Amino acid sequence: MSVSTPQPLPTRRERPFDPPDEYRLLREEDPVSRLSFPDGTVGWLLTRHEDVRALLSDQRFSSDRLRASSPVRAFPIRPGEPAFRAGSFISMDAPEHTRYRKILTRWFTTRRMRELMPRIEQIVAEHLDAMERTGPPADLVPAFALPIPSLVICELLGVPYEDRAAFQSWTGTLLRIDADKEVIFEARDAIWGYIRELVDRKRREPDDALLSSLVHDPDDSLTAEELTGVGLLLLVAGHETTANMLALGTFTLLTRPEQLRTLRERPELIDGAVEELLRYLSIVQYGLVRVAREDLVIGGHRVRAGETVVAALSAANRDPEHYPEPDRLDITRPPSQHVAFGHGFHQCLGQQLARAEMKVAYPALFSRFPDLRLAVPPEEVPLRDDMVIYGVYRLPLTW
Ligand code: HEM
């Protein structure tokens, strides 16, 4: 592939746990390559670990998604829709972004996550009990992978868990890459309206959870629109990502029996196993977008102000310059600074929460069901190729 011929983002996977093979070629031969976007514009694709990390910590690039092109058909913008930007700090730059991070960081400290551990353990145990009562078989997605992070983020934010069917379905629509624009707008209006109403309710009926505390915090003084945007971002990012790591990670380990055996024999390896699964699976599968604020040079290529640059996290996490035998899952691999949670200014706010959930959930699942196995051939497990966050739609298991 040459610099002069822009290509669309590689999306077709040859194997379920590996990113598209084209990434390997790009990383070796054209690591800063021309990328064509579905909206007809042309930008850049970065596939090397070093370049991806440099991009994500470079202030000359903006995270403003309203200005960026999307590498896949996702996140359409409706003209005259500014309210949706309020509070959505994932798309903001300093100093606006810094203000939100400061307000929210204290809710996601390692100490807070440690305090949450007993509750996470309890939620995990209750769902395993239910699986045991009603199975085998069981579909891990609705029985375990989706409810655990959903319940945890609901309790942290103060969102009623009884409303999960509605918000999980809106989120499912928002993250599709091939849904009709109008259907996405409808889901966005619905989830926005839902959280907006919740913000009003918290004003009338305060509680101890995050959303209510922000509503009643006189120092932070976020407007109702901003609070809605924050709540929406945390709710969507907080359940869909970890849910897919739990299901896809389990699928991966069940098809790598030697790795699973090692983890069962040496439970102290769980921290490294979680990091390795994050690296190996890189579920934010279509990468992160940034927009050049000025003309500049990356890897010898002139990038013009306004062009979109995509950081391919899954390609960076398989870079052989950074990881020996990158395509091998090895839960004993030393810590490696993977970019599955991004890097730099916008590095995942909820990463300690996601880690806490995974560190509790995987070992509990594998120890409760020592003979856990797939209930269908692996090729029959439906994969989420059409979603911004990769994973499986169903994971039928037996024991
Ligand atoms: C395994 C699970 C998760 C993965 C793989 C993941 C991945 C990511 C990535 C790659 C980013 C960077 C986005 C960018 O730079 O544009 C990010 C940001 C973010 N994540 Fe996560 N995430 C996970 C879990 C969570 C959870 C549990 C929460 C809970 C609240 C969360 C909340 C956020 C927020 C709020 C941001 C935006 C941070 C900012 O812009 O400063 N994530 N995540």
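The values are calculated or read from the model by the stated rules, or taken from the named source; none is laboratory data. None of the values given here were measured: they were computed from a predicted structure. Here Cβ is always computed from backbone atoms with ideal geometry, including for glycine, and neighbour counts include all displayed protein chains. The protein model used for the area step is the full one, side chains on, heavy atoms only, and it has no ligands, DNA or RNA in it. Shrake-Rupley method; radii C 1.70, N 1.55, O 1.52, S 1.80 Å.
For (1) within 13 Å of the ligand (Cβ to nearest atom); (2) open to solvent by 40 Å² or more (accessible area, probe 1.4 Å); (3) more than 28 Å from residue 225 (Cα to Cα), each residue gets a yes or a no:
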{"residue": "78", "(1), (2), (3)": "no, yes, no"}
{"residue": "91", "(1), (2), (3)": "yes, no, no"}
{"residue": "96", "(1), (2), (3)": "yes, yes, no"}
{"residue": "104", "(1), (2), (3)": "yes, no, no"}
{"residue": "120", "(1), (2), (3)": "yes, no, yes"}
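For residue 130, the requirement of being free of Cβ contacts under 8 Å to residues at least 24 places away in the same chain and either among the hydrophobic types (A, V, I, L, M, F, W, C) or touching a Ser or Thr at 6+ places or on another chain (Cβ under 8 Å) (or both) is met.
Taking the stated definitions as given, is residue 278 surrounded by 15 or more Cβ atoms within 10 Å (Cβ to Cβ), assigned to a helix (DSSP H, G or I) and touching a helix residue (DSSP H, G or I) at 6+ places or on another chain (Cβ under 6 Å)? The answer is no for residue 278. Scan the stretch 337-350 for residues that are surrounded by 16 or more Cβ atoms within 10 Å (Cβ to Cβ) and under 29 Å from residue 14 (Cβ atoms) and the total you get is 7. So, in the stretch 37-67, of the ones that are small (Gly, Ala, Ser) and open to solvent by 30 Å² or more (accessible area, probe 1.4 Å), which residue ends up nearest to the chain's Cα centre (by Cα)? Looking at residues that are small (Gly, Ala, Ser) and open to solvent by 30 Å² or more (accessible area, probe 1.4 Å), I get 57.
Restricting to the stretch 281-305, name every residue that is charged (D, E, K, R) and open to solvent by less than 30 Å² (accessible area, probe 1.4 Å). 290 - this is the single residue of the stretch 281-305 that is charged (D, E, K, R) and open to solvent by less than 30 Å² (accessible area, probe 1.4 Å). Residues in the stretch 312-329 that are open to solvent by 30 Å² or more (accessible area, probe 1.4 Å) and touching a residue at least 24 places away in the same chain (Cβ under 8 Å): 321, 322, 327.
Residue by residue, here is whether (1) modelled with pLDDT under 95; (2) touching a Lys or Arg at 6+ places or on another chain (Cβ under 6 Å); (3) among the hydrophobic types (A, V, I, L, M, F, W, C); (4) within 13 Å of the ligand (Cβ to nearest atom) holds:
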site: 237; (1), (2), (3), (4): yes, no, yes, yes
site: 241; (1), (2), (3), (4): no, no, no, yes
site: 247; (1), (2), (3), (4): no, no, yes, yes
site: 250; (1), (2), (3), (4): no, no, no, no
site: 256; (1), (2), (3), (4): no, no, no, no
site: 261; (1), (2), (3), (4): no, no, no, no
site: 281; (1), (2), (3), (4): no, no, yes, yes
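Of all the residues in the stretch 126-166, those that are of a type in the set (A, V, I, L, M) and more than 22 Å from residue 248 (Cβ to Cβ) number 5. Could you go through the stretch 150-168 and let me know if any residue there is surrounded by fewer than 19 Cβ atoms within 10 Å (Cβ to Cβ) and not in a helix (DSSP H, G or I). Yes: the stretch 150-168 contains one or more residues that are surrounded by fewer than 19 Cβ atoms within 10 Å (Cβ to Cβ) and not in a helix (DSSP H, G or I).
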